[in-house]
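See structure below.
The values are calculated or read from the model by the stated rules, or taken from the named source; none is laboratory data. For clarity, every value in this text was computed on a predicted model and none was experimentally measured. Here the Cβ is made from the backbone with ideal geometry for all residues, glycine too, and neighbour counts use every protein chain on show.
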Amino acid sequence: MSSAPALRAWAISAAAAFSIAQGSEAAHAADLILTGTKPDRLFLIDASTRTVRAELRIPGADGIVSTILISPDQKRAYALVDRLERVVGIELATGREVFRANLSTPGERVKSFLSLTLTPDGRELLVHELPTKLEPSEYVVEEPRFAVFRTDAGLEAKPVRSFPAPRRIHMLLMRPSGRSFYAIGFDLYEYDVKTGKLLGTRGIQKWLLADHSQPDLLAFWPVTEPTGIFTSPVYSEIKKDGKSVPMTALMSLDLKSGDLSYADFEPMSALIFSTVLSPDKQHAYGVYSTLSSIDMVQHRLEKRVPLDHTFYSVNVSSDGREIYIGGTNCDVGFYDAANLEKKAILKLPGCGDQSISSLRVIHER
């Protein structure tokens, strides 16, 4: 159950933060970290005190909390739950469920493989859907689609429009203009938000890098804060002195400009699941069984330290001084961005597994 005192404290703090943001410039305040755990929890963490500010329950999560989005006004969290068949919107100040889209119907089972995004005005939610028609004697696999929901539709939201989508999509990222969005899969697709028109396709598996084999990546965590640039490790082999050498590169996608780039930074020596770019864009940080710092100017590995166990997701503080890591198990780690030294570990109440939940950062101003 949600903690009433914690919720009241969060509501007071949130109301003050929103008032300040709308009224005038404010002094620097702490980041809030938002993560989810099995079976049905969202946790708001005060990064400055390393404490849980609020514990929120998601009705009907049915054992998993995966992709998490923060509304542009920072008042709601949207989460993909219920075996990847439902999107819910939770009001952060109260813990109240204010939006629900059940993707499946009695005659059609619909799942979204971690792929959803919000328009910049927060009015529409886009979901990549994989539908299967449930016939009396067989299942019929249908064509994938993008479904668009109004976020003011309450607890019985239905798509207001839909349009065809490619298969093998595992992330959606909205462009700041709100006119188009990216769908990341085997390649990078861009679509018009209103019409669903395909605007362009660029290579991921079909990249054109000399002497590089077909690449692979695991991009499940749609973290673009605080820079508006999405990054992900990419793995391939290169030809060197007549031999094949496993290589790790970093893919960078600037959501505003549309610039897409790849840069090798080390022969593969450690797996990295997810990365985040520092606010000054000089460094990237990657995580799995180690925490890595990557020099974005020289395109080289700066430092790597072992972790207590595997972590799937990584984020960075708004001032760039700390790295936050989560995913798997029930602990959230705080590390110094300058030297990768561990500063603190927070065990979440109930010790629910974060699994593939996103680790998002809200900056109170």
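For the subset of the stretch 58-110 comprising residues that are in a loop (DSSP other than H, G, I, E, B) and small (Gly, Ala, Ser), which member is nearest to Ala157 (Cα to Cα)?
The residue in question is Ser104.
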Qualifying residue in the stretch 274-283 (condition: without any contact (Cβ under 8 Å) to a residue 40 or more places away in the chain, of a type outside the set (D, E, K, R) and over 16 Å from Asp187 (Cα atoms)) = yes
Kindly indicate which of Tyr312, Tyr288 is touching a Phe, Trp or Tyr at 6+ places or on another chain (Cβ under 6 Å) and free of Cβ contacts under 8 Å to residues at least 60 places away in the same chain.
-> Tyr288
Check every one of the strands (runs of 3 or more DSSP E) wholly within the stretch 220-310 and list those with 3 or more residues that are within 23 Å of Cys330 (Cα to Cα).
-> 274-277, 283-287, 290-295, 300-306
Identify, from the list Gly122, Gly178, Gly89, the residue that is outside the structural domain of Glu364 (by TED's automatic domain parsing), touching a Phe, Trp or Tyr at 6+ places or on another chain (Cβ under 6 Å) and surrounded by 14 or more Cβ atoms within 10 Å (Cβ to Cβ).
-> Gly89
Among the listed residues Leu198, Leu188, which satisfies the condition of being surrounded by fewer than 20 Cβ atoms within 10 Å (Cβ to Cβ) and of a type outside the set (S, T, N, Q)?
-> Leu198
Between a first residue in the stretch 47-64 that is farther than 16 Å from His363 by Cα and a second residue that is of a type in the set (Asp, Glu) and in a strand (DSSP E or B), which pairs have beta carbons less than 8 Å apart while being 6 or more apart in sequence or on different chains?
-> Ile58/Glu97; Pro59/Glu97
Members of the stretch 323-365 that are surrounded by fewer than 17 Cβ atoms within 10 Å (Cβ to Cβ), within 23 Å of Ala61 (Cα to Cα) and either in contact with a helix residue (DSSP H, G or I) (Cβ under 8 Å, 6 or more places away or on another chain) or without any contact (Cβ under 8 Å) to a residue 12 or more places away in the chain (or both) = none
Does Arg167 qualify as being charged (D, E, K, R), surrounded by fewer than 17 Cβ atoms within 10 Å (Cβ to Cβ), assigned by TED's automatic domain parsing to the domain that holds Gly89 and in a strand (DSSP E or B)?
-> no
Check whether at least one residue in the stretch 147-157 is in contact with a Leu (Cβ under 7 Å, 6 or more places away or on another chain) and assigned to a strand (DSSP E or B), and report yes or no.
-> yes
Hey, can you tell me all the residues within the stretch 296-315 that are in contact with a His (Cβ under 9 Å, 6 or more places away or on another chain) and under 16 Å from Ser274 (Cα atoms)?
-> Met296
If you go through the stretch 228-266 one residue at a time, how many are closer than 30 Å to Leu32 by Cβ, hydroxyl-bearing (Ser, Thr, Tyr) and surrounded by fewer than 19 Cβ atoms within 10 Å (Cβ to Cβ)?
-> 1
